[in-house]
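Written below as structure tokens is the structure these notes are about.
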Amino acid sequence: MSLDKEIRTLTEGVYPMHMPGHKRNPNFINLNSALDITEISGADNLLAPASIIKAAEEKTARLFGVYKTFYLTNGSTSGILASLYATLKEKDKIILCRNAHKSVYNAAILRKLKTLTIAPEIDAQTNSYGKISPEKIEAALKSFSAKAVVVTSPTYEGVVSDIKAIADICHKYNCLLIVDEAHGAHLGFNSYFPKSARHLGADIVIESCHKTLPCLTSTALLHICNEKLDLKKIKDSLNLFTTTSPSYPLICSIDSMTHLLEEKGQELFEDYAKRLNDFYGKAKMLKFLKLYEGEAFSFDKGKLVILCKDTTINGFELKNRLLKEYKIECEMAMPNFALAMTSIADTDEVFNRLLSALLEIDGTLEKSETAEFPTPKISKKKMEIYKALEKSCRTVAIEKSIGKISGEYLFAYPPGSPVILPGEIIEEENIDYLLGILDLGGEVHSSSGFFPKKINIL
């Protein structure tokens, strides 16, 4: 069977409570093959826009309220790589939050950056990384004279940090603030949601259109919010990380999304906020499952984090039941929750379908004290990532790796944030955490592909 037929079989009759944000809704997405062109006469060039693409980017910048916007067709990854490459020099210092996407670490490798990794708070309900405190950022800057700080906000689970306070601190120390807002392109369009980092003092903000807005996968935006930044360096860096044949359907998808939000954005987001508010209200009927709501300041309610701690089901089992019994595919799961992603493309029928499924599953559950699942720890760094990857590795059995220096990345996917980095000591707690994820039905990726039996060490 061909790949397209395989995918059609997988998705037939299944509702996507996951990205991309268009939810395969034909009212929100255009898959016209006539748009799949190259840089023909009059079509402009994404890598050197001078006419129609330049005008489209300027229109999107106005809509999002920023100084300059670059369209990205290689996802947020290309924006993160280009931002760090353009604003930092080789061997510069950078502060990263541990829940940074692997593309941030890859940028550190390319620039041979000296890194300080700090841990966000562990959220008690989800048992995953949440917000990073401004105080922790300032403490890090006092001890480590970084040129840039990278913060992930919102997190995969929708937790938002106090970007305004963090930006003020970064600028006090003459340090750039780069925000990976891949999961927050929809922020700032309705007061029901937290404010966007675009309007809170961040210097650069990278957003994935396709995650929470009706856009094709791999569409993203690189927003320059600080007029003093060198745009030429950023353009040159984008040329390093962008294909010379960028997809016109993706470019047009971003522009179509811009038109949609210009013309109907207020109405669409008001309807979306109402649907979410109604859903949260009705979900209070659940006896054992419950929705994470977080603090009003720091949580994006568009992420439906369905908590199942202290019940007779774990997050992976909940995700599987929703798919097999109700044809609802969630975005991800972890031991304490399953995550359903929503967008303006979801209808009343969708929310009712999910609520009905959760109520039925809830009726089959009982209260049961859940054993505390371990959380990953930041291990001692023995060398920078780029140095570790320059060295030769040997492969050993997992049980013989404890206390050794890792020669590879290991991470649960999603969310794709490393649990073990190259150059770090391999801690037994982190191996137990990753094995526990596997045992419960989750996915763990390693650079070598040898995990869980073996791992590469230096």
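Tell me whether region 257-265 contains one or more residues that are touching a Leu at 6+ places or on another chain (Cβ under 6 Å), at pLDDT 95 or above, in a strand (DSSP E or B) and more than 30 Å from LEU88 (Cα to Cα).
no
Across region 133-156, which residue is surrounded by the most Cβ atoms within 10 Å (Cβ to Cβ) among those that are farther than 19 Å from ARG198 by Cβ and in contact with a Pro (Cβ under 9 Å, 6 or more places away or on another chain)?
Checking each candidate, the answer is TYR156.
Can ALA86 be described as over 11 Å from ALA148 (Cα atoms) and modelled with pLDDT of 95 or more?
yes
Would you check which residues across region 168-202 are outside any loop (DSSP other than H, G, I, E, B), surrounded by fewer than 24 Cβ atoms within 10 Å (Cβ to Cβ), without any contact (Cβ under 8 Å) to a residue 60 or more places away in the chain and in contact with a strand residue (DSSP E or B) (Cβ under 9 Å, 6 or more places away or on another chain) and list them? Step through it out loud before you land on a result.
Of region 168-202, the ones outside any loop (DSSP other than H, G, I, E, B) are 168-172, 176-180, 197-199.
Going one step further and asking which of them are surrounded by fewer than 24 Cβ atoms within 10 Å (Cβ to Cβ), we end up with 168-169, 171-172, 176, 199.
Those still in the list that are without any contact (Cβ under 8 Å) to a residue 60 or more places away in the chain too: 168-169, 171-172.
Scanning region 168-202 gives ILE169, HIS171.
Suppose we filter region 2-16 for residues that are loosely packed, with under 10 Cβ neighbours inside 10 Å and either under 20 Å from VAL350 (Cβ atoms) or touching an Asp or Glu at 6+ places or on another chain (Cβ under 9 Å) (or both); how many remain?
3
List every residue pair whose Cβ atoms sit under 9 Å apart, with the two residues 6 or more apart in sequence or on different chains, where the first one lies in region 359-382 and is outside any loop (DSSP other than H, G, I, E, B) and the second, anywhere, is small (Gly, Ala, Ser) and surrounded by 12 or more Cβ atoms within 10 Å (Cβ to Cβ).
These pairs meet every condition: LEU359/ALA283; LYS381/GLY423.
Testing LYS319 on (1) surrounded by fewer than 21 Cβ atoms within 10 Å (Cβ to Cβ); (2) of a type outside the set (Phe, Trp, Tyr); (3) touching a Gly at 6+ places or on another chain (Cβ under 9 Å); (4) free of Cβ contacts under 8 Å to residues at least 24 places away in the same chain, one condition comes back false. Which one is that?
Only one criterion is unmet by LYS319, namely (1).
What are the residues in region 355-374 that are among the polar types (S, T, N, Q) and surrounded by 14 or more Cβ atoms within 10 Å (Cβ to Cβ), if any?
Once the filter is applied, which keeps residues that are among the polar types (S, T, N, Q) and surrounded by 14 or more Cβ atoms within 10 Å (Cβ to Cβ), region 355-374 yields only THR370.
Could you count how many residues in region 102-116 are surrounded by fewer than 21 Cβ atoms within 10 Å (Cβ to Cβ), at negative phi and not in a helix (DSSP H, G or I)?
Final tally of qualifying residues: 3.
Contact list please: Cβ distance under 9 Å, first residue in region 241-263 and on the phi > 0 side of the Ramachandran plot, second residue at pLDDT below 95, pairs at least six apart or on different chains.
Close Cβ pairs satisfying both conditions: none exist.
For (1) within 22 Å of the chain's Cα centre (by Cα); (2) under 30 Å from LYS59 (Cβ atoms); (3) in the same structural domain as PRO414 (by TED's automatic domain parsing); (4) not hydroxyl-bearing (Ser, Thr, Tyr), each residue gets a yes or a no:
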residue	(1), (2), (3), (4)
ASP271	no, yes, no, yes
LEU276	yes, yes, no, yes
ASP300	yes, yes, no, yes
LYS367	no, no, no, yes
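Test GLY442 against the criterion of being small (Gly, Ala, Ser), surrounded by fewer than 20 Cβ atoms within 10 Å (Cβ to Cβ) and under 23 Å from the mean Cα position of the chain (by Cα), and give yes or no.
no
Within the bounds of region 114-133, is there any residue that is in contact with a Lys or Arg (Cβ under 6 Å, 6 or more places away or on another chain) and more than 30 Å from ALA371 (Cα to Cα)?
Scanning region 114-133 turns up at least one residue that is in contact with a Lys or Arg (Cβ under 6 Å, 6 or more places away or on another chain) and more than 30 Å from ALA371 (Cα to Cα).
Within region 25-80, can you find the residues that are touching a residue at least 60 places away in the same chain (Cβ under 8 Å), of a type outside the set (Ser, Thr, Tyr) and more than 24 Å from ILE206 (Cβ to Cβ)?
ASN25, ASN27, ASN30, LEU31, ASN32, LEU35, ASP36, ILE37, ALA43
Each row is one residue, and each column tells you yes or no for (1) surrounded by fewer than 22 Cβ atoms within 10 Å (Cβ to Cβ); (2) assigned to a loop (DSSP other than H, G, I, E, B); (3) touching a strand residue (DSSP E or B) at 6+ places or on another chain (Cβ under 6 Å).
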| position | (1), (2), (3) |
| --- | --- |
| SER392 | yes, yes, no |
| GLU399 | yes, no, no |
| GLU408 | no, yes, yes |
| GLY416 | yes, yes, no |
| PRO422 | no, yes, yes |
| ASN430 | no, no, yes |
| LEU434 | no, no, yes |
| LEU438 | yes, no, yes |
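The values are calculated or read from the model by the stated rules, or taken from the named source; none is laboratory data. Source: prediction; values computed, not measured. A quick note on method: Cβ atoms are made from the backbone with ideal geometry, for glycine too, and the neighbour counts reach across all protein chains shown.
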